[in-house]
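Data block below; observations after.
The values are calculated or read from the model by the stated rules, or taken from the named source; none is laboratory data. What you see is a predicted model, and the numbers here were worked out from it, not measured in a lab. Backbone-built Cβ (ideal geometry, glycine too); neighbour counts: all protein chains shown. For the accessible areas, the whole protein counts, side chains as well, though only heavy atoms, and no ligand, DNA or RNA atoms are used. Shrake-Rupley method; radii C 1.70, N 1.55, O 1.52, S 1.80 Å.
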Amino acid sequence: MTLKIFIPRDATAIAVGADEVVAAFEQIAEKRGLPIEIVRTGSRGLHWLEPMVEMATPKGRVAYGPMSSVDVASVLESMASNGPHALRLGIADEIPWLKRQTRLTFARCGVIDPHSLEDYRAHGGYKGLERALSLGSDAILAEVTASGLRGRGGAGFPTGIKWKTVAQAKADRKFIVCNADEGDSGTFADRMIMEGDPFLVIEGMTIAGITVGATKGYIYIRSEYPHAVAAMNAAIVAARRGGYLGDKIGGSTTSFDMDVRVGAGAYVCGEETSLLESLEGRRGLVRAKPPLPAHHGLFGKPTVINNVLSFAAIPFILAEGAKAYADFGMGRSRGTMPIQLAGNIRRGGLFETAFGVTLGELVDDIGGGTFTGRPVRAVQVGGPLGAYFPRALFDTPFDYEAFAARDGLIGHGGIVVFDDSVDMRKQARFAMEFCAVESCGKCTPCRIGSTRGVETIEKIINGERVAENLALVEDLCNTMKFGSLCALGGFTPYPVLSALKHFREDFVPAPTTLQAAE
Amino acid sequence: MTAVYQPSYQPWDETHGAEIIAEHAKQEGATLVILHALQEAFGYVPEAAIPMVAQALNLSRAEVHGVFTFYHDFRHKPAGRHVLKLCRAEACQAAGGDALAARAESKLGVSLGSTTADDRVTLEPIYCLGLCSTAPSAMLDGRLVGRLDEKRLDALVAEAQR
């Protein structure tokens, strides 16, 4: 009986040795004359268990992890005899960390072979497109709007409204652009979906195309994601071959096709207008808005530009209906968020759940605290432009408005955990330094402000006129916040001001009290 | 698999350069596509290529030069034989990346962003590889390495110095 074994080819898994594990399986199985079939999948997202390998059994897929090549011989033994092993984790779907999630977007990630269109379709893929083709533009827009889906890149703008604006625009050409420039530290959900379920992204973009009347799409992927670039290119080729891209998609009279474009290391190109400039072959300068990309976008044409996760949420909404998505969540944050747990964390990975879970639950309960075992001191939510939250704010529910009310932001859903060895002065300086390095240079508050910010924080670190310079930094942050053209300069104040507010003791050491001699 | 990793580069050749440019020139917004293709072939974007790109795309040389200099990826001269990139972003910082970067600098005798005198190793910072939950992260010649610690870093440095 051939053992069917699933081993991820996701970049995280590869970075911690998945390819070596594959080689060992092939070598040892051959030596023992054991027939095995290896399927490379995406990652299930339980990254502390990677490389996590699964074996098909009649009762479901049994998982083993974290594996290294030296474990393969004994694991193969356990697989062949269905016997115990120290690394045996039981049925993958039953692992509590995975089971308690609500995987609407990540349902297939780590399960299917991302190269296989047949596998995608067998797991419900392209049902959304089928329904969309039968519905027509107005009905699709109604579904997307009713779902409550808000842009998952970070801005949280209602997707239905964006698509409607483009649908109503009149032009000879329209475009669908997918922002896969996931540059925020602490985020990898886009990467995982591109590598683990690329057809999902293609399907979402295709549905967008037929909704607004666009026949061409581009997915702009960071150059730092070579595996994702390869995976999307392969999926596009397969989708074309399968009749899901090109003329007469899915047997209809509509056409839609798309190409991958690779970024070149500029963080600012994650900003939508900077991305459009880059796609047009130019420097990634930020454009003033209005006009909105929805009216005047790529090459001046009406453009839907959305994040990977926004497009990835669409097929479910079309296949299962808006209510099925909107039933999850809280307030104006409907549906699920693929949250990414990262940094100094014991159980890091991808946790998709309904909006409303608290930060504390995510960090302490789900994430298990730090991997060093030291106390959690600060958590940066939302990437480099997100605020640092202390333990005192751990009751904040994951919700766009709740985080904003506490001068924070959810952003792309990345959570970076720091233990008590963190020096918040260094983090504040880094926020300014990063802004200075990545600034597109167009507006003075960002271009010059960030440089002055680094210099001034440096002075504070060196103990020079601390009180005066702290006031100066706060004033500078105010200027950057309200004077910058985009969120790079505009939100850099978030990490800086939150560091100053919640971790002031790092910047202004408590005065020593002199005791009287008696 | 190996398609993802760093190939060996060819010396600059104008005819070859012209072929690469011609292959991609018809795409809309082709500038970055062409610059990437040139760097993939030669390991950097040769100065001589800039006016050729401008010509092919009907842009000014200043404009193409402007695009070339805007993006961190594009090199104006070849890197060392091996390129070791260490992630310097927040998640990797939180996991102890600072100390490892300092260790790499000390072992190689260069600071981040420079190449060793013998041209063997270029040590560079990178801002996020998307491996934030298995931090600290690194990339050696396109090969990803996670869960970096002193032992693994030393092994990478040794490999790069070979």
Could you run the Karplus curve 6.51 cos²θ - 1.76 cosθ + 1.60 with θ = phi - 60° over the range A:68-77 and give me ³J(HN,Hα) per residue in whole Hz, x for Gly and Pro?
-> 10, 4, 6, 8, 4, 4, 6, 5, 4, 4
Relative contact order for chain B, counting Cα pairs under 8 Å that sit 6 or more residues apart, in percent = 20 percent
For A:Glu468 and A:Ala23 in the same chain, what is the full-extension length gain: residue separation times 0.36 nm, less their Cα-Cα distance, in nm?
-> 154.1 nm
Cα-Cα pairs above 36 Å in the protein assembly as shown: how many percent?
-> 39 percent
Over the range A:1-130, equivalent-ellipsoid semi-axes from the Cα gyration tensor in Å | 24, 16, 14
Between the alpha carbon centres of the range B:57-101 and the range A:283-345 the gap in Å comes to 28 Å
Work out the FRET efficiency for A:Arg100 and A:Ser421 from their Cβ-Cβ distance, taking R0 = 25 Å, and round it to the nearest 0.05.
-> 0.25
Positive end of the charge dipole of the range A:302-378 (Lys, Arg +1 and Asp, Glu -1 on Cβ, about the Cα centre): tell me which of A:Pro375, A:Ala326, A:Gly360 has its Cα farthest that way.
-> A:Pro375
What accessible area, in Å² to the nearest ten, does a 1.4 Å probe give for B:His36?
-> 40 Å²
With every protein chain in place, the accessible area of B:Lys107 for a 1.4 Å probe, in Å² rounded to the nearest 10, comes to 100 Å²
Can you give the Kirkwood hydrodynamic radius for the range A:439-486, in Å, rounded to one decimal and based on Cα pairs?
-> 10.9 Å
Label points 7 Å out from Cα along the Cβ direction at A:Ser74 and B:Lys151: separation in nm?
-> 1.6 nm
If you place +1 on the Cβ of every Lys and Arg, -1 on the Cβ of every Asp and Glu, and leave all else neutral, what size is the dipole of the range A:54-94 about its Cα centre, to the nearest 20 Debye?
-> 60 debye
Each residue of B:133-145 has, on average, a number of other protein chain C-beta atoms within 10 Å of its C-beta equal to 5
If R0 = 22 Å, then A:Val508 and A:Glu455, at their Cβ-Cβ distance, give a FRET efficiency to the nearest 0.05 of 0.75
Relative contact order of the range A:324-427 (C-alpha contacts under 8 Å, at least 6 apart) in percent is 30 percent
Just how large is the dipole of the protein assembly as shown about the Cα centre, in debye to the nearest 20, putting +1 at every Lys and Arg Cβ and -1 at every Asp and Glu Cβ?
-> 1020 debye
Vicinal HN-Hα couplings computed from phi for the range A:116-130 (Karplus, 6.51 cos²θ - 1.76 cosθ + 1.60; Hz; Gly/Pro x) = 9, 5, 5, 4, 4, 5, 5, 9, x, x, 6, 5, x, 5, 3
Quick one: Cα centre-to-centre distance for the range A:213-268 and the range A:405-476, in angstrom?
-> 37 Å
Alpha-carbon spread of the range B:1-71, three principal axes, descending order, Å = 37, 22, 22
Provide a whole-number value for the mean count of partner chain Cβ atoms within 10 Å of the Cβ atoms in peptide A:436-448.
-> 1
Just reorder A:Val201, A:Val454 by solvent-accessible area, largest first, 1.4 Å probe, all chains present.
-> A:Val454, A:Val201
Around B:Pro46 (Cβ within 12 Å, Cβ-to-Cβ, excluding B:Pro46; K/R +1, D/E -1) the net charge comes to -1
If R0 is 30 Å, what FRET efficiency do you get for A:Asp475 and A:Glu401 from their C-beta distance, rounded to 0.05?
-> 0.60
Rounded to the nearest 5, the percent of DSSP beta bridges in the protein assembly as shown running antiparallel is 55 percent
Value of [θ]222 nm, deg cm²/dmol, for chain A, DSSP H segments ≥ 4, -39500 (n - 2.57) each, nearest 500 | -12000 deg cm²/dmol
Phi-derived 3J(HN,Hα) across the range A:456-463 with the Karplus relation (6.51, -1.76, 1.60, θ = phi - 60°), rounded Hz, x for Gly and Pro, is 5, 5, 4, 5, 4, 4, 7, x
Of the chymotrypsin sites (Phe, Trp or Tyr not before Pro) in the range A:194-227, which ones lie in a loop per DSSP and count no more than 12 other C-beta atoms within 10 Å?
-> none
Give me D for the range A:224-335 in µm² s⁻¹, whole number, from Stokes-Einstein with Rh from the Kirkwood sum over alpha-carbon pairs, 20 °C and 1.002 mPa s.
-> 129 µm²/s
If amide H atoms are modeled at 1.01 Å from N in the peptide plane, then the residues at a separation of 5 or more from B:Val83, or on another chain, having amide H under 5 Å from its own are B:Thr122, B:Asp141
Say each of B:His16 and A:Val237 gets a label point 7 Å from the Cα, pointing the same way as Cα to Cβ; how far apart are those two points in nm?
-> 2.3 nm
Using a simple spin-label model with points 7 Å from Cα along the Cα→Cβ vector, what separation in nm is obtained for A:Asp257 and B:Ser106?
-> 5.6 nm
Run the accessible area of the protein assembly as shown with a 1.4 Å probe and give the carbon-and-sulfur part as a rounded percent.
-> 52 percent
Based on the alpha-carbon gyration tensor of the range A:257-321 and its eigenvalue square roots a ≥ b ≥ c, which shape applies: rounded if a/c is under 1.5, prolate if not and a/b is larger than b/c, or oblate?
-> prolate
Specify, per residue and in Å³, the volume enclosed by the convex hull of the alpha carbon atoms belonging to the range A:78-195.
-> 180 Å³
For the range A:206-272, what is the convex hull (Cα atoms) projected area averaged across all directions, in square nanometres?
-> 4.8 nm²
Helix-derived mean residue ellipticity, 222 nm - over chain B, DSSP H n ≥ 4, -39500 (n - 2.57), to 500 | -13000 deg cm²/dmol
Highest average packing first - A:417-425, A:369-377, B:12-20, Cβ atoms within 10 Å = A:417-425, A:369-377, B:12-20
Given 5 Å bins starting at zero, what is the percent of C-alpha pairs of the range A:336-377 in each, up to the one with the largest pair distance?
-> 6, 25, 34, 20, 10, 4, 0
Let me see the pair-distance distribution of the range A:341-499: every alpha carbon pair, 10 Å bin width, integer percents in order.
-> 11, 39, 33, 16, 1
Taking the Cα centre of the range B:1-160 as origin, work out the dipole magnitude from +1 charges on Lys and Arg Cβ and -1 charges on Asp and Glu Cβ, in debye rounded to 20.
-> 380 debye
Are there trypsin sites (Lys or Arg not before Pro) in the range A:97-204 that DSSP marks as loop and that have at most 15 other Cβ atoms within 10 Å, and which are they?
-> A:Arg100, A:Lys170, A:Arg173
Expressed in angstrom and rounded, the centroid-to-centroid distance over alpha carbons for the range A:45-118 and the range A:126-185 is 34 Å
Within the range B:3-83, which trypsin sites (Lys or Arg not before Pro) sit in a loop by DSSP and count at most 13 neighbouring Cβ atoms inside 10 Å?
-> B:Lys26
